[in-house]
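S.K.: I have a structure I would like to understand better, so I am pasting it below and will then ask my questions one at a time.
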Amino acid sequence: PWSEPRAAGIIAEHVHLEGATLPILHALQDTFGYVDEGAVPLIADALNLSRAEVHGCITFYHDFRRAPAGRHQVKLCRAEACQAMGSDALHAQILARLGVDWHGTTADGEVTVEPVYCLGLCANGPGALVNDEPLARLTADSLEAALTEKMS
Ligand code: FES
C-alpha cells in the first residue's frame, strides 16, 4: 500500500537524476502499482516544479496509473488487423458494459482495461488478453465469460 515515507525515500534516491520526474514516477509505480495523488506535492517540492506540472506529466504518459489496478487485467488489441475485424465497435461495447474508459478500473476494483497494439493474434482477431491469457475472436460475451471464470 501507499506509504508517504517510502515514497519520499524513493524520490530522494532519484532526485539528483537529470529529468528526474519520469524515473521517479516509474519507480513509484513499480513500488506501489500506481502513482498516488499524495506523491504529487512531494515530487513538486523535491524538483522545484508546480503541482500542475507534475500532474501534467502523470496524465501525459498513459503508463502511469492514478489508482491501484483491478484484480484482473484486460488488454484489448487496437492495432490494424483487429480494427479490420471490427474491434473499435466491439471495444466501445465492452467499455460501456464494464462502465470504464481506457486505462480505467471498474467501480468494484475487479477489472482494469488497457489498450495493446498487436498480440500476434491478427489472423484470429479481434484479440485480447485476460490476465495475460490470449483470447482470439473476441466478443463482448466471450470476454464476459472469461472474466466470470476468473472471478469465480
Ligand atoms: Fe490485433 Fe495483431 S492486430 S492481434
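S.K.: Using amide H atoms built 1.01 Å from N in the peptide plane, name the residues 5+ places from V111, or on other chains, whose amide H lies under 5 Å from its own.
M.R.: Answer set, sorted by chain and number: R71, H72, T106.
S.K.: Could I have the simple spin-label model distance between N124 and A67, label points 7 Å from Cα toward Cβ, reported in nm to one decimal?
M.R.: Between N124 and A67, the label points sit 3.4 nm apart.
S.K.: Hey, another quick one. Modelling each spin label as a point 7 Å along the Cα-to-Cβ direction, I'd like the A96/V15 distance in nm, to one decimal.
M.R.: About 5.0 nm, to one decimal.
S.K.: May I pose another question? Nearest 5 is fine: what % of DSSP beta bridges in segment 11-152 come out antiparallel, could you say?
M.R.: 55 percent
S.K.: Suppose R0 equals 35 Å; then what is the FRET efficiency for D30 and K150 from their Cβ-Cβ distance, rounded to the nearest 0.05? Display every interim value, and only then the final one.
M.R.: On the way: r = 24 Å, r/R0 = 0.70.
After rounding, the FRET efficiency stands at 0.90.
S.K.: Once the other residues with Cβ under 14 Å from the Cβ of P126 are scored (Lys, Arg +1; Asp, Glu -1), what is the net sum?
M.R.: Summing Lys/Arg as +1 and Asp/Glu as -1 gives 0.
S.K.: Could you state the principal axis extents of the C-alpha atoms in segment 1-43, from the largest down, to the nearest angstrom?
M.R.: Dimensions of segment 1-43 along the principal axes of its Cα atoms: 28, 16, 15 Å.
S.K.: Can you work out the FRET efficiency for the pair A107 and H55, with r the C-beta to C-beta distance and R0 = 30 Å, to the nearest 0.05?
M.R.: Details: r = 23 Å, r/R0 = 0.77.
Calculated transfer efficiency: 0.80.
S.K.: Pairs of Cα atoms under 8 Å, at least six residues apart: use those to get the relative contact order of segment 72-151, whole percent.
M.R.: 38 percent
S.K.: Additional query: With each run of n ≥ 4 DSSP H residues scored as -39500 (n - 2.57), what mean residue ellipticity at 222 nm is computed for the chain after dividing by its residue count and rounding to the nearest 500 deg cm²/dmol?
M.R.: It comes out at -14000 deg cm²/dmol, rounded to the nearest 500.
S.K.: Looking at segment 72-151, I'd like the Rg to Rh ratio, where Rg is from alpha-carbon atoms and Rh is Kirkwood's inverse mean 1/r.
M.R.: 0.93
S.K.: With every protein chain left in place, what is the accessible area per residue of the chain in square angstrom, probe 1.4 Å?
M.R.: Heavy-atom SASA per residue in the chain reads 55 Å².
S.K.: For the chain, I need the span (max minus min coordinate) of the C-alpha atoms along each principal axis, in Å, sorted largest to smallest.
M.R.: The Cα atoms of the chain stretch 49, 33, 22 Å along the principal axes, largest first.
S.K.: Further question on the same structure: Relative contact order for segment 108-152: what percent, with Cα pairs under 8 Å and sequence separation of 6 or more?
M.R.: For segment 108-152, the relative contact order is 23 percent.
S.K.: From the backbone phi of segment 48-60, what are the Karplus-calculated ³J(HN,Hα) couplings (6.51 cos²θ - 1.76 cosθ + 1.60, θ = phi - 60°) in whole Hz, Gly and Pro given as x?
M.R.: So the Karplus estimates, Gly and Pro as x, are 6, 10, 7, 4, 4, 5, 5, 4, x, 5, 5, 7, 5 Hz.
The values are calculated or read from the model by the stated rules, or taken from the named source; none is laboratory data. Quantities reported herein were computed from a predicted structural model and do not represent experimental measurements. Every residue, glycine as well, gets a Cβ built from its backbone with ideal geometry; the counts of neighbours run over all protein chains shown. We work out accessible area using only protein heavy atoms, side chains counted, and drop any ligands, DNA or RNA first. Shrake-Rupley method; radii C 1.70, N 1.55, O 1.52, S 1.80 Å.
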